[in-house]
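Notes follow once the structure below has been shown.
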């Protein structure tokens, strides 16, 4: 342990909510570990691998699960174990270690999917029913739901505004504060609750106006909605007009869009990535 504590390892990376990935690079200063090449290459690779979990753990624990909790909060409350967190980290894709041009450092790259993390946090076995209305309105049949929330919005029951931010499980409310969408409504634990994207992706030169990635989620005829406010301890939950909510919950086909996770949220580009 005294020797290991003197080894200079570092991490840099980025959390990308639009691609649902965490990308990280672990680097090792070879001189600090007393490693000489080429004989010490295997030892250097072992040190890099053993440092990965220790260095990536804080950034996984810092991920926002919903408006009130991070992964770390769930671990502290006993709702998710540290072992489960580490198991997800160990399933990350990796690139074989490489030497820097000056031969002084060795680095390895890892890519972890946030969708795998959200799948592990799903606890329900049977989906909750999507809200219905006693007074349905006439509505078209849509292929998905696209909520635009790319600017600061009023905070419910408070003065001021906030820029909506991403999380694994955002809730959607209507303007009467009826819950329209939350994680237990998903039919499958293997799909993200929402996909995040940016404004340029809904103004593409295509028949639907959407990027191929967005169209794969919400189809070519999505219901486009402007969010009217945010709600929660952190501004992750969106509020939409009651009239827009009725277009969703007035038909079986449109309610099914929620249970199938065919929902995309457009946020400002500044909140969709975070470097560390």
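What follows draws every value from the coordinates through simple rules; no lab data is involved. What you are looking at is a predicted structure, and each value in this text was computed from that prediction instead of being measured. For neighbour counting, all protein chains shown are included, and Cβ atoms are generated from backbone atoms with ideal geometry for every residue, glycine included.
Data overview
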| item | result |
| --- | --- |
| Residue order, fewest to most surrounding Cβ atoms within 10 angstrom, among 146, 179, 55, 134 | 134, 179, 55, 146 |
| Percent antiparallel among DSSP beta bridges (both partners in the chain, rounded to 5) | 70 |
| Residues of segment 24-45 with amide N under 15 Å of a point placed 7 Å along Cα→Cβ from residue 109 | 24-27 |
| Likely footprinting exposure, 26, 148, fewest C-beta neighbours within 10 Å first | 148, 26 |
| Largest to smallest principal axis extent of the C-alpha atoms in segment 124-169, angstrom | 34, 32, 24 |
| Descending semi-axes in Å of segment 2-121, equivalent ellipsoid built from Cα gyration tensor | 30, 15, 11 |
| Segment 12-30 versus segment 46-99: alpha-carbon centroid distance in Å | 12 |
| Cα pair distances exceeding 33 angstrom across the chain, given as percent | 31 |
| Extension gain (nm, one decimal) between residue 206 and residue 226, 0.36 nm per residue minus Cα-Cα | 5.1 nm |
| Residues 185, 193 arranged by fewest to most Cβ contacts within 10 Å | 185, 193 |
| Residue among 114, 186, 30 with the largest mean-square fluctuation in a Gaussian network model of the chain, springs linking Cα atoms under 10 Å | 30 |
| Most mobile of 100, 197, 118 in a GNM of the chain (Cα contacts under 10 Å) | 100 |
| Segment 145-275 - Rg (one decimal) and Dmax (whole number), Cα, Å | 14.0, 42 |
| Computed E for residue 81/residue 128 - FRET, C-beta separation, R0 25 angstrom, nearest 0.05 | 0.50 |
| Nitroxide proxy distance, nm - points 7 Å out along Cα→Cβ at residue 151 and residue 62 | 3.1 |
| Computed E for residue 213/residue 275 - FRET, C-beta separation, R0 22 angstrom, nearest 0.05 | 0.50 |
| Helix-only mean residue ellipticity at 222 nm for the chain, each DSSP H run of n ≥ 4 adding -39500 (n - 2.57), per residue, nearest 500 | -7000 deg cm²/dmol |
| Contact order normalised by residue count of the chain, Cα under 8 Å, 6+ apart, percent | 24 |
